[in-house]
Every structure is written in structure tokens, then in C-alpha cells.
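The values are calculated or read from the model by the stated rules, or taken from the named source; none is laboratory data. Small disclaimer: the values here were computed from a predicted structure and weren't measured. Cβ: placed from backbone, ideal geometry, glycine included. Neighbour counts: every protein chain shown. Just the protein is used for accessible areas: all its heavy atoms, side chains included, with ligands, DNA and RNA removed. Shrake-Rupley method; radii C 1.70, N 1.55, O 1.52, S 1.80 Å.
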Amino acid sequence: MSNCRIAPSILSGNFAAMGETVANVEKWGADLVHCDVMDGVFVPNITFGMPMIKAIRPHTTLPLDVHLMIVEPEKYVERFCDSGADIVTFHPEASKDPRAALLAIKAKGKKCGLVVNPDKGFDLVEPYMDLVDMIVLMGVFPGFGGQSYIESVSDNIVLFARKIAESGRAIALELDGGVTETNAARFRSLGVTVLVAGSATFKAADPEQAIKVMRG
Ligand code: DX5
Ligand code: ZN
């Protein structure tokens, strides 16, 4: 039994029936529900905000893993926590005060994390290793589901897995973007502990089976 958890991204789900979508994610045996919040400024796409998190909350008992792709996340993190998020992650370069935002999430009793784009390095999260519960490595540039994994991210996976081990803290290492049934095993072997899978879950002929394969 592997220790890896699977977090389907509802970005690839049915927007006309999100309650049903998250209930299905749970029925299929996933571990987390990944919610992609985009503001059209930090990324060139717009999805949904706090009202969606609040609306889906009663439809699943799984933790809601909320990935903020928004500028000035510090202005909104508490409201995402109050709406039912269990984990809130954001991109530090989008924040004027990442430490304050991380502390605000923790003060709400929720897990906090930082997200690293494919062209960014460990320096971005190093100052916050004492605080983060999760580090998310983007396998693609954020904004859209269904993109192909950028191979050079694997160097970051290895580096971040080592830095997390050296920290002595229990920090989850999530990979977001481009994960498939074919490449999941490789990411697990490199040290990823949470795999986000949007299209690999929702476009699978048998999502339950796809989740089992990706979890390993
Ligand atoms: C990209 C999002 C991802 C995306 C993953 O901006 O952060 O979570 O939905 O989609 P797939 O798994 O299809 O690459
Ligand atoms: Zn995401």
C-alpha cells in the first residue's frame, strides 16, 4: 500500500453539478478534493471563489485542498478557511507578505502551503520551511488543466524532497499538473506524496481504477 494520496482537480469536473462532482470524487476513492481558484490576473483564466468552496463543502467529507492562483492571497485566505477549505496554498510571489498569510491560515486551524511554478526554485519557499504543511510543485504553468508535464520539474521534485527530509518536518510534497496513469509511478518514486490529477481522473473511462493506478 503506497503512502501517496490522490487529489482530483474539480477544474476538469462538471461545473453545472459541482456537488455531484465532489461526491463522485469521494465515491471513486480519492483522498483530497483539489480546488483551483483563478483570478484572471495572476493567471490568464478565471474559475471560482469562496462561494464555490462553501457550496461543495456539504457534499463530501474529504479535505478540500484549495490552490489559490490569485494576487494578494493574504486578503482572502481567512475567508477561504471560513468557507470550508482544509488546506490553503498560494504562490508566494503573488503575496506582499507570505508569512502573514501562512500564519493567518494556521490561526484558523487549517493547513497551509506554498506553490512553486516550473521556473522557480527552492529559494522561494526556504524562508517559510518552519511554517508550511505542504509544498506544491507545478508540473505545468498554472491556468489550465490538461497540459503536458514539463520534464525539467523532476529536478525540483528531487531537490524539494531532499530539503523536506532535511527539515525534519512532516511537509507534504504535492505535484500539480500533467499527472497521468503512466507517469504517476515515477513521481511517487521521486518523493511526491500527493498527486493532483484533473484530466487523468475525469477523462478516464474508469475513474476509480485510474485513481488506484495513480496511487500505486
Ligand atoms: C493548473 C491547475 C491544476 C490543473 C491540473 O493551473 O492548478 O490543478 O487543474 O490539471 P491536469 O491534472 O489536467 O493537468
Ligand atoms: Zn491546482
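Things worth noting here:
- Listed by number, the DSSP H helices of the chain that run 20 Å or longer by alpha-carbon position along their axis and have mean Kyte hydropathy of at least 0.0 are 153-167.
- Peptide ranges 150-157, 113-120 listed from the most packed, as the mean C-beta count within 10 angstrom indicates: 113-120, 150-157
- Summing +1 for each Lys or Arg and -1 for each Asp or Glu among the other residues whose beta-carbon sits under 14 angstrom from that of Ser9 gives -3.
- When each of the peptides 92-103, 13-24 is scored by how many other beta carbons lie within 10 Å of its residues on average, the order from highest to lowest is 92-103, 13-24.
- Within the shell of other residues whose beta carbon sits under 13 angstrom from the beta carbon of Pro63, the net charge comes to -2, with Lys and Arg scored +1 and Asp and Glu -1.
- Area of Arg5 that stays accessible when all protein chains are in place (1.4 Å probe, Å², to 10): 90 Å²
- Cross-link partners of Lys212 among lysines (Cα-Cα below 19 Å; sequence separation of 8 or more within a chain): Lys27, Lys203
- When only alpha carbons are used to place a centre, region 163-203 and region 31-109 end up 19 Å from one another.
- Radius 11 Å from Cβ of Ala184, net charge of other residues (Lys, Arg +1; Asp, Glu -1): +3
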